[in-house]
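Written out below as structure tokens is the structure these notes cover.
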Amino acid sequence: MKRNAISTLLGTDLVGETVTVCGWVRTFRNDQFLSINDGSSLSNLQLVIDRESTDEGVRKRLTTGAAVCAVGQLVESQGKGQATELEVAQLEVLGDADPEVYPIQMKRHTMEFLREKAHLRFRTSTFNAVFRLRHGLQYAIHEYFEKNGFYMLHTPIVTGSDAEGAGEMFQVTTLDLGNVPKTEEGEVDHSEDFFAKPTNLTVSGQLEAELGAMALGKVYTFGPTFRAENSNTSRHLAEFWMIEPEVAFNDLVDNMDLAEDCLRFVLNRVLEQYPAELEFLAKREADAEKQLPADQRNEMGLIERLRFVTETPFIRLTYTEAIDLLRNSKPFKKKKFKYPVEWGIDLQSEHERWLVEKHFKQPVILTDYPAQIKAFYMRSNDDGKTVAAMDVLVPGIGELVGGSQREERLEMLQKKCAEFDIPEEHVWWYLDTRRFGTAPHAGFGMGFERLVMFATGMTNIRDVIPFPRTPQNAEF
Ligand code: 4AD
Ligand code: MG
């Protein structure tokens, strides 16, 4: 059926024309004004219904959530709040939504309630805006890399390796779990498994991206990643999407520059292309924050915050400097931190938040972390204690990006494998790139959902992915 997207009817270009629109009812007022949305815009189109020519039976079915199709003339609107409206000549209800049972009504629903109705929450303005922005961000990411000479590489989802060495993997097997074949030693006999070896869902495409970078120069992968970490926080998912660029001949400084530039580009893009969605979400955030104590509110509104990030160079400091700052901080001296602060610890969320939200009040890149708290592939620094790692921390989110310069020296990498208990025969292909034409290179991973959180002001990661996977939850 030929029809017009509502986005094309909100301006006055087509005034006077007869058009067809289809969408879902948001509201029906005074038995006359029907507001519908078709997903093409955050805004609804107002349909004016003629009581005489529209059957009462049809009018009764115009309840929130019902699907309708209408034909009529587009006219300039008499009312405030919209430029145009549709004078309905014909109206058909395609699908009813019984108001007694349809859960998404035109009132404020909590995010928790809507999470349980994730199959229907797209129909609210908030999720309409969030998912439109999510789309815009992923498109801008591809645009950024395309413009900068990168090749997108599809890295495997099923793999035999644990790139991060954290052991948080979902196993992949076709073995019958009720009757697992065993070896003589009593261990699971993976020779009978589909891949004839243990495999898992990938935690990161980095190792394979590195292989590509050693010939294509600049590559990135943007795929789903899976982590079976049992952390029920507002910033962790078991299935999330990650953007991982990898660049031959880049060092840590180039890597930081790339992360900053990429972030700035994508935020600028959505500021340009999604002003209505951002304004809507900014207002939503401001309303939600009225319930919070003053010290938990954002000092800047959403749009101001995004602009600020696009205009201000990030603070760069070493992990060691950050530890010094933390140990001299008020909360440390007053014993307000729950976790200890000393050189060698993995920074906790409370420490990261103090640095970016209280101390610097802007994004921060921390570098040169202790080797023992970072992955095996990071390049050792000359001090013998730290590695060329970088984490980008942003207000409200904490860690948005994690990356490093990679260890390109074969012997150093072999030493790291031994220290981290990684058998060389498991990563022979990775080590081969250090045997043949090895070169300095660097890359990072940006958590896509954390980026969407940052750009939308949503405070729970479950609300920026259509169907979140978290411990004990894989509904839909
Ligand atoms: O710091 P991570 O673990 O780094 C890596 O996986 C590297 N291999 C990336 C690379 O250098 N190519 O993860 C990178 C980012 C984090 O900074 C965070 O934004 C996001 O991925 N992330 C998660 N997002 C949602 N849920 C989780 N459970 C996440 N774990 C990491
Ligand atoms: Mg990390």
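The values are calculated or read from the model by the stated rules, or taken from the named source; none is laboratory data. Just so it is clear, the model here is predicted, and its values are computed rather than measured. Don't worry about glycine lacking a Cβ; one is built from the backbone with ideal geometry, like all the others, and counts go over all protein chains shown. Calculation scope for accessible area: heavy atoms of the full protein, side chains included, ligands and nucleic acids excluded. Shrake-Rupley method; radii C 1.70, N 1.55, O 1.52, S 1.80 Å.
A compact table of results
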| read-out | value |
| --- | --- |
| Per-pair calculated FRET efficiency, R0 = 56 Å: Glu289 and Gln90 via Cβ, rounded to 0.05 | 0.80 |
| Accessible area (Å², 1.4 Å probe, nearest 10) - Phe150 | 10 Å² |
| Amide H partners (placed H, <5 Å) of Met152, local residues excluded | Tyr220 |
| Positive minus negative residues near Lys330 (Lys, Arg vs Asp, Glu; Cβ under 10 Å) | +4 |
| Over the chain: helical MRE at 222 nm, DSSP H runs n ≥ 4 each giving -39500 (n - 2.57), nearest 500 | -8500 deg cm²/dmol |
| Those residues of the range 448-469 whose amide nitrogen sits under 20 Å from the label point placed on Thr312, 7 Å along Cα→Cβ | 451-458 |
| Overall dimensions of the range 16-124 by Cα: Rg and Dmax, Å | 14.2, 44 |
| Note, ³J(HN,Hα) from phi for the range 142-157, Karplus 6.51, -1.76, 1.60, rounded to Hz, x at Gly and Pro | 4, 4, 4, 6, 4, 5, 9, x, 8, 10, 7, 10, 8, 8, x, 8 |
| Neighbourhood charge, 12 Å Cβ-Cβ cut-off, centred on Val71 and excluding it, Lys, Arg +1 and Asp, Glu -1 | -1 |
| The chain - percent relative contact order, Cα under 8 Å, separation 6 or more | 13 percent |
| Nearest-0.05 FRET efficiency for Lys336 and Phe170, computed from C-beta distance (R0 41 Å) | 0.65 |
| Cα-centred dipole magnitude for the chain, charges only on beta-carbon of K, R (+1) and D, E (-1), debye, nearest 20 | 1740 debye |
| Calculated P(r) tail over 30 Å for the chain, as whole % of Cα pairs | 56 percent |
| Unsatisfied cross-links (Cα-Cα over 30 Å) in the set Lys218/Lys283; Lys290/Lys330; Lys336/Lys374; Lys361/Lys416; Lys333/Lys416; Lys60/Lys283 | Lys218/Lys283; Lys361/Lys416; Lys333/Lys416; Lys60/Lys283 |
| R0 of 41 Å, Cβ-Cβ distance Lys2-Val180: FRET efficiency to nearest 0.05 | 0.10 |
| Neighbour cut-off at most 10 other Cβ (10 Å), DSSP loop, GluC sites (Glu not before Pro), the range 59-105 | Glu100 |
| Added length on full extension, which subtracts the Cα-Cα distance from 0.36 nm per residue, Gln82 to Arg51 | 9.0 nm |
| Among 306-314, 162-170, 358-366, the order from most to least packed when residues are scored by Cβ within 10 Å on average | 358-366, 162-170, 306-314 |
| Heavy-atom SASA rank of Arg61, Arg3 (probe 1.4 Å, accessible area, largest first) | Arg3, Arg61 |
